[in-house]
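Here is the structure we will look at.
The values are calculated or read from the model by the stated rules, or taken from the named source; none is laboratory data. Keep in mind that what you see is a predicted model, and the values were worked out from it rather than measured. FYI the Cβ positions are ideal-geometry reconstructions off the backbone, even for glycines, and counts take in every protein chain you see. Surface areas here come from the heavy atoms of the whole protein model, side chains and all, with no ligands, DNA or RNA. Shrake-Rupley method; radii C 1.70, N 1.55, O 1.52, S 1.80 Å.
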Amino acid sequence: MRYGMVIDQQKCVGCAGCTFACKAENHTPPEINWCDKIISTRGKYPDVSFEYISTMCNHCDDAPCVKGCPTQAMHKGDRGLTLHDPDKCIGCKACMVNCPYGVISFNWDRPHRNWQDNTGVAAGTFTPIRMLEEAGGEGSPHCNPEGASDYPLVRSRGTVEKCNFCVHRLKAGLNPACVDACPSQARVVGDLDDPDSEISRLIKKYDGKPLRPELGTGSKVYYIRRYTPQHRS
């Protein structure tokens, strides 16, 4: 079995619900998005076209980030997932340089360090660190402890991080958070090795393509159809 994902560009409304769901599920700091987007506007008014493409780690079969990692911190895991071991990461950023999709982020500072602040806004208000202590969270009050089974809730300064397909949810028989949060059901996850799976049927029906297919990385995130605006008379 190899996990893959299809993103239907015709169904995607560009709401960024996937991005926010990913942040809540995986406890990413404000400046880092595992699930991100490419936004492009072309043309000159009134002939203007707009495109929104949701992006994430492509979990490539022939992953350039894995090849470039000198410590095997970036590695291939079960069922084709590209995973990261922060304990082995030395922060060299070789994976970032080798990734042609720009979906790996680097922790220049300690994530969520603002929650260590002991300065209140005004008399009688919680300080950030007091709120953290009351909530009992790790790193921030809104951390999700379920994700800690496969990846640290708080990553270290000087290490990289990226999408892991919500591997903790997959192990529990659930979809990645971005899939369940999509209001238009534009995302489908499934087994690429099963020709009868929904994802395989969608790729075949709509001739699904990954981003930059010419690279031959074996990307497992496929895009089908295009955003087609409707004109009202």
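Worth pointing out:
- Matching residues in the stretch 22-44 - criterion: being aliphatic (A, V, I, L, M) and over 17 Å from residue 161 (Cβ atoms): 38, 39
- Residue count, the stretch 15-39 (criterion: touching a residue at least 60 places away in the same chain (Cβ under 8 Å), small (Gly, Ala, Ser) and part of a loop (DSSP other than H, G, I, E, B)): 0
- Counted residues, the stretch 1-14 - those being within 13 Å of the chain's Cα centre (by Cα) and in a loop (DSSP other than H, G, I, E, B): 0
- Candidate set from the stretch 72-83 (those that are open to solvent by 20 Å² or more (accessible area, probe 1.4 Å) and outside any loop (DSSP other than H, G, I, E, B)); member that is nearest to residue 220 (Cα to Cα): 79
- Residue count for the stretch 1-38, restricted to those that are among the hydrophobic types (A, V, I, L, M, F, W, C) and open to solvent by 90 Å² or more (accessible area, probe 1.4 Å): 3
- Of the residues 158, 120, 139, the single one that is surrounded by 15 or more Cβ atoms within 10 Å (Cβ to Cβ), farther than 30 Å from residue 215 by Cβ and of a type in the set (Gly, Ala, Ser) is 139.
- Positions within the stretch 127-155 being in a loop (DSSP other than H, G, I, E, B) and more than 22 Å from residue 23 (Cβ to Cβ), in sequence order: 127
- For the stretch 40-71, a residue qualifies if it is open to solvent by 90 Å² or more (accessible area, probe 1.4 Å) and assigned to a strand (DSSP E or B), and the qualifying residues are 41, 42, 44, 47, 50.
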